[in-house]
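The values are calculated or read from the model by the stated rules, or taken from the named source; none is laboratory data. Just so we're clear, the structure is a prediction, and the values are computed from it rather than from any experiment. Don't worry about glycine lacking a Cβ; one is built from the backbone with ideal geometry, like all the others, and counts go over all protein chains shown. Just the protein is used for accessible areas: all its heavy atoms, side chains included, with ligands, DNA and RNA removed. Shrake-Rupley method; radii C 1.70, N 1.55, O 1.52, S 1.80 Å.
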Amino acid sequence: MSTLVTFAKTRGFVYQGSEIYGGLANSWDYGPLGATLKENIKNLWIKNFVQKRKDMVLLDAAIMMNPNVWVASGHVGSFSDPLMECKDCHTRHRADKLIEEALEKDANFTLPANWAGDKTPLEDLNTYIAGGPIACPNCKSKNWGEVKRFNLMLSTSQGTTEDATALVYLRPETAQGIFVNFPNIARSSRKKIPFGVAQCGKAFRNEITPKNFIFRTREFEQIEIEYFCKPGTDAETFESWLQEEDRFFTEVLGFKKENVRFVEIPKEGLPHYSKRAWDFEYLFPFGWGEISTLANRTDYDLKAHMEHSKQDLSYFDPFDNTKYIPYVVEPSIGLSRLTLAAMCDAYDEVPGEEWTSKIVMRFAPQVAPIKVGVFPLIKKFAEPANELYSLLSEHFVCEYDEAGTIGKRYQRADEIGIPYSICVEPENYNLGQVTVRDRDSGEQEMVQISELVEYFRTKGC
Ligand code: GAP
């Protein structure tokens, strides 16, 4: 991971946030390549799940919502993690994560009574911790304070006063913006159930132990879908989304199949709103980590908002003249985690000469932040190369580079994952053709300039 973090910073994928002020704990900024990579992934998701489907629409709701939204959704009451503090060094930790880590290191490790991950009852965690199986990862002491529930909602105040009436939360999930707009969307879009609403945007959680680079942060991005269906059809809708998510990760984003797995969450580990859920995990350098959760949220949220808002959020189905509260299947993905997964999946070290290694980012063309490199063979050929750059940058994100030998430029292009590079020299250019080099095979091919756009399109750029 540390190699990737250093690489990400040097090449402009991800920087430490507020670096010149010594940073802010666990805050990260996406640099030119990281921002474009994340945008590409988001756009592929929108293209696949919104543009290409007649049963999907897009929404962009506000981050700050009426606080009653979060009372109704259950987040104010129960969106919390078990927190424990070391009485000696005063560091704070998630009890469930320390237990899981101990279990990973020693398979014979026994778990607390009624173990249910972060949902394990506090009294069981406290009895267990008092028995002394867990040492503080920071100072190795076993002198723990009582395990308490810590609410993960981040809040701020809106307007000119800072009293309780001005309190607003920063949304911990984008989903609720979709639920509260369900009648608006159904009415204005004229979609009939089953249909889904997709939303991309920032979410905030006051995580106790943010870690692993951009994997778990307090500010992150989600790409979520709430798919509304008729009660009774939710099980089959769930199955179809399992397949859709699999297809998205392995075909659309082109992740290696062996790096993705799907695991069913046991009943005791399900969030308060969920009847059934599967996690999609990616094999990061630190182990398997969740990138997405597919949940059957039933009618929990719409019902809760009906109760709290006293508004009718039910749906009249014109196909059979029935009225019901729709069920919801939710494929929820962490865009920040997905961007990290894309970087891990692409990262490759090719043993070079003299014991050096060359890094090649093998992004699939559709995912790559920059699609085409345009390089004049020598600086003197800048004019035709610039002409070509203008032509291609109408269609693709391109990189122009004239510094150093052509070999060095190919190497720089490989390092940032540019799938195709063009070397421009006048002899071929005047004949209306250029050589295109393939990043992965290193092979070069002569292509007519008039066919270049189509050529890169068919390659998936
Ligand atoms: N609306 C459902 C929901 O929010 P979740 O499993 O809590 O479900 C969905 O979150 C996804 O959001 C996760 O699979 C993960 O990819 C991402 N996510 C959650 N917390 C995160 C954090 N602190 N940092 C980065 N990504 C996070």
So how many residues does the stretch 310-358 have that are small (Gly, Ala, Ser) and in contact with a Phe, Trp or Tyr (Cβ under 9 Å, 6 or more places away or on another chain)? 6
I'd like to check something: does the stretch 318-335 contain any residue that is farther than 20 Å from Glu245 by Cβ, part of a helix (DSSP H, G or I) and over 29 Å from the mean Cα position of the chain (by Cα)? no
Candidates Pro121, Pro112, Pro67, Pro137, filtered to the one that is free of Cβ contacts under 8 Å to residues at least 40 places away in the same chain and open to solvent by 30 Å² or more (accessible area, probe 1.4 Å): Pro121
Which pairs have Cβ atoms under 8 Å, sit 6 or more apart or on different chains, and link a residue in the stretch 204-215 that is over 25 Å from Thr6 (Cα atoms) to one that is open to solvent by 20 Å² or more (accessible area, probe 1.4 Å) and polar (S, T, N, Q)? Asn206/Asn151
Which numbered condition Val447 fails, given (1) outside any helix (DSSP H, G or I); (2) closer than 22 Å to Ser357 by Cα: (2)
A careful count of residues in the stretch 15-57 that are of a type in the set (Val, Ile, Thr) and closer than 27 Å to Phe195 by Cβ gives 4
Might you check whether a residue that is free of Cβ contacts under 8 Å to residues at least 24 places away in the same chain, within 24 Å of the chain's Cα centre (by Cα) and not assigned by TED's automatic domain parsing to the domain that holds Arg205 occurs anywhere in the stretch 87-100? yes
Every residue in the stretch 400-444 that is part of a helix (DSSP H, G or I) and either aliphatic (A, V, I, L, M) or under 14 Å from Pro384 (Cα atoms) (or both), please. Ile406, Ala413, Pro426, Glu427, Asn428, Tyr429, Asn430
Yes or no: Val14 closer than 28 Å to Val252 by Cα, touching a residue at least 60 places away in the same chain (Cβ under 8 Å) and in contact with a Ser or Thr (Cβ under 7 Å, 6 or more places away or on another chain)? no
Checking Glu383 against (1) of a type outside the set (A, V, I, L, M); (2) open to solvent by less than 20 Å² (accessible area, probe 1.4 Å); (3) outside any strand (DSSP E or B), only one condition comes out false. Which one? (2)
How many of the residues making up the stretch 72-88 are touching a helix residue (DSSP H, G or I) at 6+ places or on another chain (Cβ under 9 Å) and surrounded by 14 or more Cβ atoms within 10 Å (Cβ to Cβ)? 10
Checking the conditions here, which among Asp438, Asp401 is in contact (Cβ under 8 Å) with a residue 12 or more places away in the chain, within 19 Å of Thr36 (Cβ to Cβ) and of a type in the set (Asp, Glu)? Asp401
Residues that are within 9 Å of the ligand (Cβ to nearest atom), farther than 16 Å from Trp278 by Cβ and not small (Gly, Ala, Ser), drawn from the stretch 322-336: Leu335
Could you check Ala342 against (1) assigned to a helix (DSSP H, G or I); (2) more than 16 Å from the ligand (Cβ to nearest atom); (3) within 20 Å of the chain's Cα centre (by Cα) and say which number it fails? (2)
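Table: residues versus (1) more than 10 Å from the ligand (Cβ to nearest atom); (2) aliphatic (A, V, I, L, M); (3) more than 15 Å from the chain's Cα centre (by Cα).
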| site | (1), (2), (3) |
| --- | --- |
| Trp278 | yes, no, yes |
| Glu281 | no, no, no |
| Tyr300 | yes, no, yes |
| Met306 | yes, yes, yes |
| Ser314 | yes, no, yes |
Among the residues in the stretch 389-399, are any modelled with pLDDT under 95 and either more than 26 Å from Phe13 (Cα to Cα) or assigned to a helix (DSSP H, G or I) (or both)? no
If a residue counts only when it is surrounded by fewer than 21 Cβ atoms within 10 Å (Cβ to Cβ), which helices (runs of 4 or more DSSP H) contained entirely in the stretch 157-267 have at least 3 such residues? 182-189, 234-247
Expected single match for among the basic types (Lys, Arg), more than 16 Å from the ligand (Cβ to nearest atom) and not assigned by TED's automatic domain parsing to the domain that holds Trp45 among Lys230, Lys142 is Lys142
Answer residue from the stretch 170-196, given it is among the aliphatic types (A, V, I, L, M) and away from the ligand (no atom under 16 Å from the Cβ) and is farthest from Gln158 (Cα to Cα) among those: Ile193
Any residue that is hydrophobic (A, V, I, L, M, F, W, C), within 16 Å of the ligand (Cβ to nearest atom) and open to solvent by less than 20 Å² (accessible area, probe 1.4 Å) - is there at least one of those in the stretch 356-375? no
When the residues of the stretch 281-301 are narrowed to those that are assigned to a strand (DSSP E or B) and open to solvent by 10 Å² or more (accessible area, probe 1.4 Å), which ends up farthest from Phe262 (Cα to Cα)? Thr298
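So that you can scan it fast, the table gives a plain yes or no per residue for (1) away from the ligand (no atom under 12 Å from the Cβ); (2) free of Cβ contacts under 8 Å to residues at least 60 places away in the same chain:
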residue: Ile223; (1), (2): no, no
residue: Asp234; (1), (2): yes, no
residue: Thr237; (1), (2): yes, no
residue: Glu244; (1), (2): yes, no
residue: Glu251; (1), (2): yes, yes
residue: Glu264; (1), (2): yes, yes
residue: His272; (1), (2): no, no
residue: Ser292; (1), (2): no, yes
residue: Arg297; (1), (2): no, no
Consider the stretch 301-329. How many of its residues are more than 23 Å from Glu239 (Cβ to Cβ) and hydrophobic (A, V, I, L, M, F, W, C)? 4
